[in-house]
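All remarks here apply to the structure that follows.
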Amino acid sequence: MGRGPRAILALGLLFLRLAQANFAPHFFDNGVGSTNGNMALFSLPEDTPVGSHVYTLNGTDPEGNPVSYHISFDPSARSVFSVDPNFGTITLVEELDREREDEIEATISISDGLNLVAEKVTILVTDANDEAPRFIQEPYVVQVPEDILAGSSIAKVHAVDRDTGSGGSVTYFLQNPHSTKFAMDRHSGVLRLQPGATLDYEKARTHFVTVVAKDGGGRLRGADVVFSATATVTVNVEDVQDMAPVFVGTPYYGYVYEDTLPGSEVLTVVAMDGDQGKPNRILYSLMNGSDGAFEINETSGAIYVMQSPAQLRRDVYELHVQVTEVSSAGTPAAQAMVPVTIRIVDLNNHPPTFYGESGPQNRFELSMYEHPPQGEILRGLKITVNDSDQGANAKFNLRLVGPGGIFRVVPQTVLNEAQVTIIVENSAAIDFEKFKVLTFKAVDPDTGPWGEVKYSIYGSGADYFLIHSSSGMIYTQPWASLDAEATTRYNFYVKAEDMEGKYSLAEVFVTLLDVNDHYPQFGKRVQEKTMVLGTPVKIEATDQDAEEPNNLVDYSITHAEPANVFDIDAHTGEIRLKNSIRSLDALHNITPNGDRTWSLEVQAKDRGSPSFSTTALLRIDIVDTEMQSRSPMAAFLMQTKDNPMKAVGVLAGIMAIIVAITVLISTASFWRNKKSNKVLPVRRVLRKRPSPAPRTVRIKWLKFGRTKAADKFVLREDRPNENCNNNSLGSTPPPTAPAPPPPPSMGPAHWTVPTVSGSLAPRQPPRSPKPKAVGSPVQSALVSELRQKFEKKNVHNKAYF
């Protein structure tokens, strides 16, 4: 019986313990698509805003005890969510990015205080269209021959979009397909030459094509959005042999002088291949018109005379020079022809010659009676004169050299040949008693030793030139290479000297005519500019040619995307928005993608013949004037974005001005303080009265009658100054400061200066009549003493200064 009650007691305790057992809490599993429970198969879009309530953990405890919720993450991962422990509300605390992390692993737990149940969950991050296409393998630069066939493939671009679905699909198109020679395959990204289009190296060496890559669109933060990106394809056109050669420096004229030696160079013709990218070799040849008198060097283009000028049968030769290109294979290619005019020039190198009956004769004699009739012809003389030169060179003058006024020669001017007649001019002078023999020369001043002239040149500019010693013909040295861009003008002196040593100098100026042999050049092939709305930007190219019109440049927009946005001044290169565009909103209506940067292809073309041109790519970033007006400094920095050195220079100038002003102020303060330090100690060595009387007593004591000696001074009572400064409250201007006194003596000073509480000012006319106070002798004496001290002080001040 003793063991029975014990067994019953143990069994009761067991049932009591079972009745007191606590079961663990658990989550509700509400399935896919539920926003509360245990986050089973839960997914979340990546564009969910931070701070959003995204889920609610929900569970229960079998005993009905309150539960708390927790969420945790791996230490190496981000803590993306937070949870309210009492309500189980889960909040997004960091941005999601599916492209970086498409799954989030977390551990959620529920606890009733005694038991804790934890579960691992995986949250899927779904895609939103938040990525724009991105071109790869940039930059796109291709070389294309100018004779490429229409429709041929030129280049291929490729862009990727990391989104999924329609947001990750990419299509391609040209930003301005209607103003370009090219076409784009929207799916493959292949760039082709449009059907019927051609490329021309001589017209445009480079083309800039802007390609747009656009995704298929998708949802982002509750809206349908489409993203795009742009890339520029640079198409460099390669030159091929499709242009004929071009002669430079036409028309061509040459001269052969009668003393020119056979084999001498007459002139040189110059031609160049019209295809400047890959020029062919050039050969020259004479086609007709030379009659064997001239030959040309086939490589240099120099034309030579091969016969003596005396053998040339014509005065003018019209030659035809042909230039032929030689291809790389050695076969003749394109040709061109140019006329060359060569004139045979007579020189003034034959002196007039006198002839008698038997031929050339230099002495003629005649006997006659004295005092013949005036006007009689000396018939015993038969003189003929002849000059074998041609044209103007055969014209000469005749005169008699000897006793003047006795005879006269006829004619005085001769062309080629004439009969010479001597006529009596002064019969009385022909007197036997005075002269037995009269001797005269009938001479030309340009003949004989007086007419032989030698030419030479002098001066620093003469190095490149030669002169023919007898003809005076000036030509260039064989080795000289003249460049109008380097030196446009040469000057030197020509000396003409006869056989007697008499000479004359003349200054010669040689001006080089420019040939259009330079292309316009931009500073950069790709330029970036910032345009403030309403303000133009400027692009500039320079041409190194020396003269107009070869160095004059005209500007044009050859390609723009879009094409109806900009205008350009052909002469200045200023680029403006069209008058119809006055706001950024208007621009956005033209360009739906909302870009603020536009690309232009600008051409600079000179006015020479043949004309040369070059192109540059200009990217313009447009900002609004309102944005500019918000901050002047920001506006200034925006305007000088393209020229940072300008901003540095302006800021340095401002700093220099501030420093200069600071130095001036400091210097002025220094000298003022230095002057004050000299004066103030002398002015302030004053001993104050030991016990000044009250203000009212002093003022009453100073009220004295104005005598004649004190008429120049007025004593005024100062109003109380509550600010304790020296500013006067009255309308009368303050008196000027007295001049500093002379330096004090080195000995001890023993004097007492009374302190007067008042100020001195020029006497003002009385506003209303006041009765004169009768001055006492004491007051008159005090005023006299003050006046004497004041005058004494003025005398010392003048002496001091």
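Before moving on, here are some points about what is shown:
- Summed residue charge, Cβ within 13 Å of S285's Cβ, Lys/Arg positive, Asp/Glu negative: -3
- Ranking M184, M473 from most to least accessible surface, computed with a 1.4 Å probe over the protein chains only, gives M473, M184.
- Placing +1 on each Lys and Arg Cβ and -1 on each Asp and Glu Cβ, with no other charges, gives segment 173-235 a dipole about its Cα centre of roughly 100 debye.
- More than 19 Å apart - percent of Cα-Cα pairs taken over segment 362-412: 40 percent
- Global geometry of segment 507-570, whether rounded, prolate or oblate, following the gyration tensor of its Cα atoms and the 1.5 cut on a/c: prolate
- Loop-located chymotrypsin sites (Phe, Trp or Tyr not before Pro) in segment 339-428 (DSSP state not H, G, I, E or B) with no more than 15 neighbouring Cβ atoms inside 10 Å: Y369.
- Other residues lying with their Cβ under 13 Å from the Cβ of D185 contribute a combined charge of +3, Lys and Arg counting +1, Asp and Glu -1.
- Intensity falloff of segment 245-343 expressed as log10 I(q)/I(0), Debye formula with alpha-carbon point scatterers, at q = 0.12, 0.14, 0.18, 0.23 Å⁻¹: -0.40, -0.52, -0.78, -1.13
- Summing charges over neighbours of T615, with a neighbour being any other residue whose Cβ is under 11 Å away from its Cβ, gives +3 when K and R count +1 and D and E count -1.
- Per the Cα gyration tensor, segment 170-243 maps to an equivalent ellipsoid with semi-axes of 33, 11, 9 Å, ordered largest to smallest.
The values are calculated or read from the model by the stated rules, or taken from the named source; none is laboratory data. Every value quoted in this text rests on a predicted model; they were computed, and no experiment measured them. Methodologically, a virtual Cβ is constructed for each residue, glycine included, from the backbone with ideal geometry; neighbour enumeration extends over all protein chains shown. All accessible areas refer to the heavy atoms of the entire protein, side chains included, with ligands and DNA or RNA removed. Shrake-Rupley method; radii C 1.70, N 1.55, O 1.52, S 1.80 Å.
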